[in-house]
Amino acid sequence: MYSYEEPVYMISVVSKILNIHPQTLRQYEREGLIKPSRTKGRMRLYSQKDIDRLKLILSLIRDLGVNLAGVEIILQLKEEIERLQKEVETLRKQQGQIPRNRSIVIRKNDYQIILVEQPSKKENS
């Protein structure tokens with residue numbers, strides 16, 4: 001059994017599975033929507049992950065009428081959401097490791113997250 005991300009399907013097989021022309025798969029690759037692996041002989045190989053991504057692309061196009069530019073934006077936003085969800089989970093795990101009487105600053109590329117110690121009840125009196 002192959003792993004989810006292991007490239008094993010040739011373009012002809014993927015085109016039959018998804019009922020699309022191989023040229024459509026090449027176009028999606030040119031547009032940057034998919035990135036199949038290549039053998040040393042430059043043959044495209046697709047993983048199950050690639051096929052699932054193609055199913056999402058086809059659903060957006062066929063069922064929702066989204067054009068390729070829209071599909072690209074949707075896929076980028078989906079990836080950003082997944083990245084942010086992972087980061088939130090990491091921060092939640094880290095939060096449990098920070099003593100309550102401390103503050104922490106986490107700097108990322110485009111933003112900062114600052115957690116500050118809350119004043120104790122004694123300080124508010």
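The values are calculated or read from the model by the stated rules, or taken from the named source; none is laboratory data. In this text the structure is predicted, and so the values were computed from the model without any measurement. For neighbour counting, all protein chains shown are included, and Cβ atoms are generated from backbone atoms with ideal geometry for every residue, glycine included.
A few comments on the model shown:
- Filtered by the rule that a residue be buried (at least 17 other Cβ atoms within 10 Å of the Cβ) and among the β-branched types (Val, Ile, Thr), the stretch 23-43 gives a lone residue, 34.
- Of all residues in the stretch 38-67, those satisfying the criterion of being without any contact (Cβ under 8 Å) to a residue 40 or more places away in the chain and either under 16 Å from residue 26 (Cα atoms) or β-branched (Val, Ile, Thr) (or both) are 38, 39, 42, 43, 44, 45, 46, 53, 55, 57, 61, 66.
- Within the stretch 44-55, the set of residues being in contact with a helix residue (DSSP H, G or I) (Cβ under 8 Å, 6 or more places away or on another chain) and either at pLDDT below 95 or exposed (fewer than 15 other Cβ atoms within 10 Å of the Cβ) (or both) comprises just one member, 55.
- Identification of helices (runs of 4 or more DSSP H) wholly contained in the stretch 1-69 with 2 or more residues that are under 20 Å from residue 79 (Cα atoms) yields 22-30, 48-62.
- Within the stretch 7-36, the set of residues being within 15 Å of residue 47 (Cα to Cα) and β-branched (Val, Ile, Thr) comprises 8, 11, 13, 14, 17, 34.
- Condition met for residue 20 (surrounded by 14 or more Cβ atoms within 10 Å (Cβ to Cβ) and free of Cβ contacts under 8 Å to residues at least 24 places away in the same chain): no
- Condition check for residue 81: of a type in the set (Val, Ile, Thr), assigned to a helix (DSSP H, G or I) and either touching a Leu at 6+ places or on another chain (Cβ under 7 Å) or free of Cβ contacts under 8 Å to residues at least 24 places away in the same chain (or both): yes
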